[in-house]
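Structure record follows, encoded as structure tokens.
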Amino acid sequence: MGQSPTALFITCADSRIVTADITGAEPGSLFELRTAGNVIPAYDPGSASSEIATIEFAVVGLGVAEVVVCGHSHCGAVRALHSGATALDHLPNMRRWLGSHARFRPRPEPDQALRAEGQRHVTAQLAALRDYPFVKERVESGALRLHGWFYDIETGEVLNHRADLFQPL
């Protein structure tokens, strides 16, 4: 018996993100990809990236019609990206992962929940996803739609990215 999910849901590996609770999806309707900080690496056809392979399988192999990139408040990866590379000295593999796939952008005094930073991070991941040739081709043909969501852990609210703003779903 095969699987036939309708969407690929890319989110953070954070244990506070419970996809079924956020989406109300039934078992089997979502193909999930969890990465540290919901980071989508830049497309590199020569890489052996698990993330690229998973996205390719969902989009090309399974033919999902929707891809959701979902970030969240209080994200440790986003905090590290805005605190500088030294914030992860005790986690060298995490530092290398984020450093090779996202930019460290120190900012003065961000919101403790990192809401604005997390939302900008989602839009950056959507931009990376749009550069995948098989994603671009399907988006342009109308066979695939991309969505950016932001989940606020404290309130349970889910915001949808539209026209460079995040609005309640």
When you go through (1) surrounded by 16 or more Cβ atoms within 10 Å (Cβ to Cβ); (2) in contact (Cβ under 8 Å) with a residue 40 or more places away in the chain; (3) under 20 Å from residue 117 (Cβ atoms) one by one for residue 35, which number turns out not to apply? (2)
In the range 138-155, is there at least one residue being over 14 Å from residue 68 (Cβ atoms), in a loop (DSSP other than H, G, I, E, B), modelled with pLDDT of 95 or more and touching a helix residue (DSSP H, G or I) at 6+ places or on another chain (Cβ under 9 Å)? yes
Could you tell me which numbered condition residue 100 fails, if it satisfies all but one of (1) modelled with pLDDT of 85 or more; (2) more than 23 Å from residue 2 (Cβ to Cβ); (3) exposed (fewer than 15 other Cβ atoms within 10 Å of the Cβ)? (1)
Boolean, residue 17 is buried (at least 16 other Cβ atoms within 10 Å of the Cβ), closer than 13 Å to residue 66 by Cβ and among the aliphatic types (A, V, I, L, M): no
Considering only the range 69-89, I want to know if a residue exists there that is acidic (Asp, Glu), surrounded by fewer than 22 Cβ atoms within 10 Å (Cβ to Cβ) and in contact (Cβ under 8 Å) with a residue 12 or more places away in the chain. no
Number of the exception - residue 24 against (1) more than 25 Å from residue 152 (Cβ to Cβ); (2) at pLDDT 90 or above: (1)
Pull out all pairs, ordered by first then second residue, where Cβ-Cβ is under 7 Å, the residues are six or more apart or on different chains, the first lies in the range 123-142 and is closer than 17 Å to residue 61 by Cβ, and the second is β-branched (Val, Ile, Thr) and open to solvent by less than 20 Å² (accessible area, probe 1.4 Å). 129/40; 129/67; 129/69; 129/135; 132/55; 134/59; 135/59; 138/59
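The values are calculated or read from the model by the stated rules, or taken from the named source; none is laboratory data. The shown structure was predicted, so the numbers you read here are calculated from the model rather than taken from an experiment. Note that each Cβ is placed from the backbone with ideal geometry, even for glycine, and that neighbours are counted across all protein chains shown. SASA here: full protein model, heavy atoms, side chains in, ligands and nucleic acids out. Shrake-Rupley method; radii C 1.70, N 1.55, O 1.52, S 1.80 Å.
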